[in-house]
Amino acid sequence: MRLMRNSTLRQLKVFEAVARHLNYTRAAEELYLTQPAISMQIKQVEENVGLPLFEHLGKRIHLTAAGRELLALCRDIFGKFAEFEMSVADMKGMKKGQLRLAVITTAEYFAPRLIGPFCQHYPGVDVSLQVINRESVLQRLADNLDDLYILGQPPENLEVHSQPFLENPLVVVAPRDHALAKKKCIALKRLAGEPFLMREPGSGTRMAAQRLFDEHGIKLNIRMELGSNEAIKQAIAGGLGVSVLSRHTLALEGERGPLTILDVQHFPIQRHWYLVYPAGKQLSVVARTFCDYLLAEGRRISRK
């Protein structure tokens with residue numbers, strides 16, 4: 001193929017960076033090149049392909065059909081090189097390479113504390129961590145952009161391998177001075193009169209909570225939808241309402257903090273965190289090592 005004969009790996013890396021950012025300037029900054037140098041390399045690759053790889057619409061650029069095909073090829077090529085380097089390192093008795101993780105926002109409360117000891121044990125591993133909402137994680141999973149994914153609920157519309165590794169109880173959270181704060185065994189229907197703060201539609205936490213209330217015929221008074229757990233915690237502290245959150249979101253809250261967990265019937269909702277990757281995916285040496293580590297850590301934490 002003329003493309004592979006005439007295009008260097010360096011040129012393909014330049015193309016991949018531009019295609020990923022859809023921005024010449026950001027690609028130039030990432031690769032420590034000038035923008036004219038980036039443009040020259042892209043022009044050379046397009047000449048080798050014989051078709052335009054990008055189309056310019058106003059001030060924005062978009063991949064053409066040929067560009068999308070080449071991007072998929074580049075990811076496959078660079079992935080194979082990374083796997084080879086990791087396999088060679090493993091043969092030498094070392095763990096080296098890159099680990100790409102994508103986790104939903106709630107996992108930010110525990111994932112870094114699990115990743116830290118792993119990185120200390122394997123200093124040759126570079127970890128890239130994407131903390132994004134569930135919808136974005138599922139899109140990255142569908143596009144196979146990362147090695148592993150952490151979700152509170154595996155997707156039903158994608159063929160994946162999933163393994164629970166850590167408990168993820170959902171609890172009702174309120175301001176510490178709330179009228180129900182010192183009550184025991186609060187009836188679920190009592191929450192119907194409370195202003196409720198909810199995550200955005202599609203959130204795993206919201207789906208699990210909504211399912212429980214629907215099963216008991218309880219219609220919530222949703223006062224506000226917020227896009228992050230931190231925003232919900234601040235809104236609760238400000239007296240705007242109550243919410244259902246993962247207990248992990250309260251990991252750093254002290255006993256005298258502004259939030260408390262209400263003792264409500266049918267709570268906590270018992271759930272798990274899942275380690276997920278596409279079905280049939282061949283994990284790298286580093287990804288397999290991290291899987292084993294995470295499962296072992298989950299068992300250790302559960303025994304506490």
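Quick check on segment 44-134: what does the Kirkwood estimate of hydrodynamic radius come out to from the alpha carbon pairs, in Å? Kindly include the intermediate steps, with their values, before the conclusion.
Working: mean 1/r = 0.0611 Å⁻¹.
Radius from the Kirkwood sum: 16.4 Å.
Each residue of segment 8-15 in turn: what ³J(HN,Hα) in whole Hz from Karplus with 6.51, -1.76, 1.60 and θ = phi - 60°, glycine and Pro shown as x?
Result, ordered by residue: 8, 4, 4, 5, 5, 5, 5, 4 Hz.
Taking the Cα centre of the chain as origin, work out the dipole magnitude from +1 charges on Lys and Arg Cβ and -1 charges on Asp and Glu Cβ, in debye rounded to 20. Mind showing how you got there, number by number?
On the way: 40 positive and 32 negative charges, 126 e Å.
The calculation lands at about 600 debye.
Could you point to the residue in Gln11, Thr34, Gln234 farthest towards the positive end of the chain's charge dipole, with +1 and -1 charges on the Cβ of Lys/Arg and Asp/Glu respectively?
Toward the positive end, the furthest listed residue is Gln234.
About the Cα centre of segment 170-262, what is the dipole size in debye to 20, counting +1 per Lys and Arg Cβ and -1 per Asp and Glu Cβ, all else neutral? Write out the running numbers ahead of the final one.
On the way: 14 positive and 9 negative charges, 67 e Å.
Dipole size: approximately 320 debye.
Excluding Ala209 itself, what net charge comes from residues whose Cβ is under 12 Å from its Cβ, given Lys and Arg +1 and Asp and Glu -1?
Working: positive: Arg199, Arg206, Arg211, Arg271; negative: Asp214, Glu215.
Local charge sum for Ala209: +2.
List the aspartates and glutamates whose Cα sits under 12 Å from the Cα of Lys219, skipping any in the same chain fewer than 8 residues away.
Once the sequence-local aspartates and glutamates are set aside, what remains near Lys219 is Glu194.
Loop only per DSSP, at most 16 neighbouring Cβ atoms within 10 Å: give me the GluC sites (Glu not before Pro) in segment 212-304, ordered by residue number.
Values: sites: Glu215, Glu225, Glu230, Glu253, Glu255, Glu297; in loops: Glu253, Glu255.
Hits after loop and neighbour filter: Glu253, Glu255.
Given only helices, namely DSSP H runs of n ≥ 4 each adding -39500 (n - 2.57), what is the per-residue ellipticity at 222 nm of the chain, to the nearest 500 deg cm²/dmol? If you can, show how the numbers build up before the last one.
Details: 10 runs with 128 residues, N = 304.
Computed mean residue ellipticity for the chain: -13500 deg cm²/dmol.
From Cα coordinates alone, what are the radius of gyration and Dmax values for segment 191-284 in angstrom?
Reported Rg and Dmax, both Å: 15.4, 51.
Along each of the three principal axes of the Cα atoms of segment 89-235, give the extent in whole Å, ordering the values from largest to smallest.
Taking max minus min along each principal axis of the Cα atoms, segment 89-235 gives 62, 34, 23 Å.
Taking Cα atoms of segment 2-72, Rg/Rh with Kirkwood Rh, to two decimals?
Values: Rg = 11.1 Å, Rh = 12.0 Å.
Here the Rg-to-Rh quotient is 0.93.
Report Rg (one decimal) and Dmax (nearest whole number) for segment 96-147, counting Cα atoms only, units Å.
Answer for segment 96-147, Rg first and Dmax second: 11.6, 32 Å.
Calculate one ³J(HN,Hα) per residue across segment 126-135 by plugging θ = phi - 60° into the Karplus curve 6.51 cos²θ - 1.76 cosθ + 1.60, and present them in order as whole Hz with x for glycine and proline.
My calculation for segment 126-135 gives 9, 9, 10, 10, 9, 10, 9, 6, 4, 4 Hz in order.
No value in this document is a laboratory result; all are computed from the given coordinates. Just so you know, these numbers come straight off a predicted model, no measurement behind them. Every residue, glycine among them, receives a Cβ derived from its backbone with ideal geometry; neighbour counts consider all protein chains shown.
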